[in-house]
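> One structure, pasted below without further comment.
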Amino acid sequence: MNFSLKTYLNKTTDAATLAVFRIGFGIMMCYGMLRYWLKGWIETVYIQPKFHFKYYGFEWVQVLGNYTYLLFLICGLSAIFVAIGYKYRLAIITFFLSFTYIELMDKTVYLNHYYFISILSFLMIFLPANAYFSLDNFKSKIAFNTIPKWCVDSIKLLLGIVYFYAGLAKINSDWLLRAQPLKIWLPSKYDLPLIGDTLMQQEWFHYAMSWSGMLYDLLIPFFLLYKKTRIPAFILVVFFHVFTRILFPIGMFPFVMIVSALIFFEAPFHHKIINKIKRLLGSISAKATPINYKTNYKVRYRKFVLPILGVFFVLQLVLPFRYLLYPGELFWTEEGYRLSWRVMLMEKMGNSTFKIKDEKGKAFLVNNSDFLTSLQEKQMSAQPDFILEYAHYLGDHFTKQGHKGVQVYVKSYVALNGRLSQLFIDDNVNLYQEKESFKHKHWILPFTDEIKGL
């Protein structure tokens with residue numbers, strides 16, 4: 001089969017598909033911001049903590065105090081503007097910057113789907129999602145019936161990477177041969193009606209869930225692409241994500257993936273959605289001045305946009321494999337774990353006790369709850385970069401209090417996927433002298449078991 005990149009880049013598709021995706025994305029993101037606000041998480045996650053854990057290289061991103069509410073307001077409003085397609089380019093750039101800034105303020109709240117939303121909104125900056133059925137069309141009286149096909153395919157590709165890589169990550173001995181961590185999590189759902197004290201307690205069900213989850217992630221993007229399997233695949237998407245939403249506290253992620261999967265449907269399906277929205281708008285839609293529809297939207301600065309998106313997708317394909325550059329077990333060291341679509345693969349519990357010593361040899365233990373929230377302490381206790389950052393925070397804190405020659409040591413025990421806990425960090429290493437970098441952290445003690453797989 002001959003494939004010409006030039007021919008492919010000149011192919012067009014119906015603009016309604018991307019318009020519906022824009023509307024769904026904007027509405028969900030606005031709801032997400034509102035939900036975060038109403039649940040009081042802006043206060044408890046960002047404003048109340050004395051200390052925030054930073055991503056390496058983004059230490060300059062600071063919490064804005066009470067102005068954090070303003071940041072969420074800007075993010076939510078820009079999501080509305082994206083949905084209605086008003087000043088779309090400015091709106092999606094504002095959303096990307098504000099949402100990403102929020103996520104960078106504290107890595108304690110890192111979730112795969114927050115990362116997904118950040119990179120998806122970055123991708124949407126370059127797509128003409130306002131070419132059809134947008135307020136921008138209403139104002140300019142110009143709309144486009146078709147857009148370049150790669151604009152829609154790029155979102156399909158990103159979704160396919162997320163699913164497929166999540167499936168690859170599940171091909172490991174803990175997930176498939178020990179049904180971990182589902183064997184720990186599912187029995188605790190005993191209060192679920194009908195299945196809580198029956199299926200959730202069965203070991204065979206834990207294995208069935210593990211294997212079916214792996215197969216689902218690996219295959220679902222291909223079933224969505226193929227017309228004959230698309231509808232049953234979408235029904236499976238809805239069932240899978242609603243079921244996992246019932247089982248686990250994963251927020252908006254299931255709904256984001258369900259709505260995003262609609263992009264795999266043909267244009268007539270999206271026109272039906274748009275026609276329903278028009279009927280809901282009623283008289284507003286009827287009174288609108290006729291719009292001049294043109295045939296094909298030409299992407300401006302295509303010579304710059306396409307290379308940028310090329311680099312973007314190469315990064316998405318390569319970044320999840322950066323863990324191969326590090327020694328040791330990935331689930332243990334977590335060096336290269338984030339930004340790799342490894343979704344709910346670990347039950348990792350830790351207990352870390354920090355000891356402060358001064359130059360005279362005097363020592364005392366730290367009460368972590370004096371400095372961290374319970375969520376921060378939970379995340380810190382089992383992740384090496386958190387432990388190092390916290391050690392530096394403690395070192396700086398006690399130095400400012402007047403202690404001389406401060407040294408910081410930690411006694412940390414961690415249990416991974418149902419195994420007995422073991423010493424995690426070399427407790428002879430003064431962490432206050434260790435620096436954060438992309439290099440391997442030599443003070444992480446070796447994992448005493450083996451997890452085979454990708």
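The values are calculated or read from the model by the stated rules, or taken from the named source; none is laboratory data. Since we're looking at a predicted model, the values are computed, not measured. Positions of Cβ are generated from backbone atoms using ideal geometry, with glycine treated the same way; all protein chains shown enter the neighbour counts. These accessible areas exclude ligands, DNA and RNA; they are computed on the full protein's heavy atoms, side chains included. Shrake-Rupley method; radii C 1.70, N 1.55, O 1.52, S 1.80 Å.
> Going through segment 398-436 one residue at a time, which ones are touching an Asp or Glu at 6+ places or on another chain (Cβ under 7 Å), within 16 Å of Val366 (Cβ to Cβ) and either in a loop (DSSP other than H, G, I, E, B) or open to solvent by 30 Å² or more (accessible area, probe 1.4 Å) (or both)?
If the condition is that a residue be touching an Asp or Glu at 6+ places or on another chain (Cβ under 7 Å), within 16 Å of Val366 (Cβ to Cβ) and either in a loop (DSSP other than H, G, I, E, B) or open to solvent by 30 Å² or more (accessible area, probe 1.4 Å) (or both), then His403, Val406, Tyr409, Lys411 are the ones that fit.
> Kindly list, by first and then second residue, each pair from a residue in segment 300-324 that is within 20 Å of Ala129 (Cβ to Cβ) and among the aliphatic types (A, V, I, L, M) to a residue that is part of a helix (DSSP H, G or I) and modelled with pLDDT under 95, limited to pairs with Cβ atoms under 8 Å and residues at least 6 apart or on different chains.
Leu306/Leu9
> Now for a different question. From the list Phe58, Phe53, pick out the single residue that is outside any helix (DSSP H, G or I) and surrounded by fewer than 15 Cβ atoms within 10 Å (Cβ to Cβ). Talk me through it step by step, then tell me what you get.
On the way: Phe53 fails: surrounded by fewer than 15 Cβ atoms within 10 Å (Cβ to Cβ).
None of the others qualify; the one that does is Phe58.
> Same structure, new question: Would a scan of segment 8-30 turn up a residue that is of a type in the set (Val, Ile, Thr), open to solvent by less than 20 Å² (accessible area, probe 1.4 Å) and within 19 Å of the chain's Cα centre (by Cα)?
no
> Given the criteria among the charged types (D, E, K, R), out of contact with any strand residue (DSSP E or B) (no Cβ under 7 Å at 6 or more places or on another chain) and assigned to a helix (DSSP H, G or I), does Asp191 qualify? Before you say what the answer is, go through the steps one by one.
On the way: among the charged types (D, E, K, R): yes; out of contact with any strand residue (DSSP E or B) (no Cβ under 7 Å at 6 or more places or on another chain): yes; assigned to a helix (DSSP H, G or I): no.
No; evaluated as a whole, the condition is false for this residue.
> Restricting to segment 275-305, give me the number of residues that are closer than 30 Å to Phe164 by Cβ and in contact with a helix residue (DSSP H, G or I) (Cβ under 7 Å, 6 or more places away or on another chain).
1
> Going by the conditions given, is Ser188 out of contact with any helix residue (DSSP H, G or I) (no Cβ under 9 Å at 6 or more places or on another chain) and surrounded by fewer than 18 Cβ atoms within 10 Å (Cβ to Cβ)?
no
> Still on this structure: Looking only at residues that are hydroxyl-bearing (Ser, Thr, Tyr) and out of contact with any Pro (no Cβ under 9 Å at 6 or more places or on another chain) in segment 228-273, which one is least open to solvent (accessible area, probe 1.4 Å)?
Looking at the filtered set, the residue picked out is Ser260.
> Look through Tyr115, Tyr69, Tyr86 and report the one residue that is open to solvent by less than 70 Å² (accessible area, probe 1.4 Å), under 25 Å from Val343 (Cα atoms) and either in a loop (DSSP other than H, G, I, E, B) or touching a helix residue (DSSP H, G or I) at 6+ places or on another chain (Cβ under 8 Å) (or both).
Going through Tyr115, Tyr69, Tyr86 in turn, just one is open to solvent by less than 70 Å² (accessible area, probe 1.4 Å), under 25 Å from Val343 (Cα atoms) and either in a loop (DSSP other than H, G, I, E, B) or touching a helix residue (DSSP H, G or I) at 6+ places or on another chain (Cβ under 8 Å) (or both): Tyr115.
> Of the conditions (1) at pLDDT 95 or above; (2) more than 25 Å from Ile47 (Cα to Cα); (3) over 19 Å from the mean Cα position of the chain (by Cα); (4) part of a loop (DSSP other than H, G, I, E, B), Tyr337 satisfies every one except a single condition; which number is it?
(3)
> Out of Lys355, Lys378, I need the residue that is surrounded by fewer than 18 Cβ atoms within 10 Å (Cβ to Cβ) and farther than 26 Å from Gly251 by Cα. Which one?
Lys355
> Could you say whether any residue in segment 219-227 is closer than 30 Å to Leu262 by Cβ, open to solvent by 40 Å² or more (accessible area, probe 1.4 Å) and touching a Ser or Thr at 6+ places or on another chain (Cβ under 9 Å)?
yes
> Find all pairs meeting these conditions: Cβ atoms under 9 angstrom apart; at least six residues apart or on different chains; first residue within segment 228-256 and basic (Lys, Arg); second residue at pLDDT 90 or above and assigned to a loop (DSSP other than H, G, I, E, B).
Listed pairs, sorted by first residue: Arg230/Phe265; Arg230/Glu266.
> Which pairs do you get when a residue that is within 13 Å of Pro128 (Cα to Cα), found in segment 68-96, comes within reach of a residue that is part of a helix (DSSP H, G or I) and of a type in the set (Ser, Thr, Tyr), reach meaning Cβ atoms under 8 angstrom, with the pair 6+ apart or on two chains?
The qualifying pairs are Val82/Tyr88; Ala91/Ser78; Ile92/Ser78; Ile92/Ser121.
> Condition first: over 21 Å from Pro254 (Cα atoms), assigned to a loop (DSSP other than H, G, I, E, B) and open to solvent by less than 30 Å² (accessible area, probe 1.4 Å). Now tell me which residues in segment 131-170 satisfy that.
Ala131, Tyr132, Ser134
> Name the one entry in Leu388, Leu394, Leu365 that is open to solvent by less than 10 Å² (accessible area, probe 1.4 Å) and in contact with a strand residue (DSSP E or B) (Cβ under 6 Å, 6 or more places away or on another chain).
Leu394
> Take Gly40 and decide whether it is under 28 Å from Pro254 (Cβ atoms) and either surrounded by 15 or more Cβ atoms within 10 Å (Cβ to Cβ) or in contact with a Gly (Cβ under 6 Å, 6 or more places away or on another chain) (or both).
No; evaluated as a whole, the condition is false for this residue.
> Quick one: which residue in Asp191, Asp217 is modelled with pLDDT under 95 and acidic (Asp, Glu)?
After ruling out the rest, the residue left standing is Asp191.
> On the given criteria, is Val305 assigned to a loop (DSSP other than H, G, I, E, B) and either open to solvent by less than 70 Å² (accessible area, probe 1.4 Å) or under 30 Å from Thr448 (Cα atoms) (or both)?
Spelling it out, it is not the case that Val305 is assigned to a loop (DSSP other than H, G, I, E, B) and either open to solvent by less than 70 Å² (accessible area, probe 1.4 Å) or under 30 Å from Thr448 (Cα atoms) (or both).
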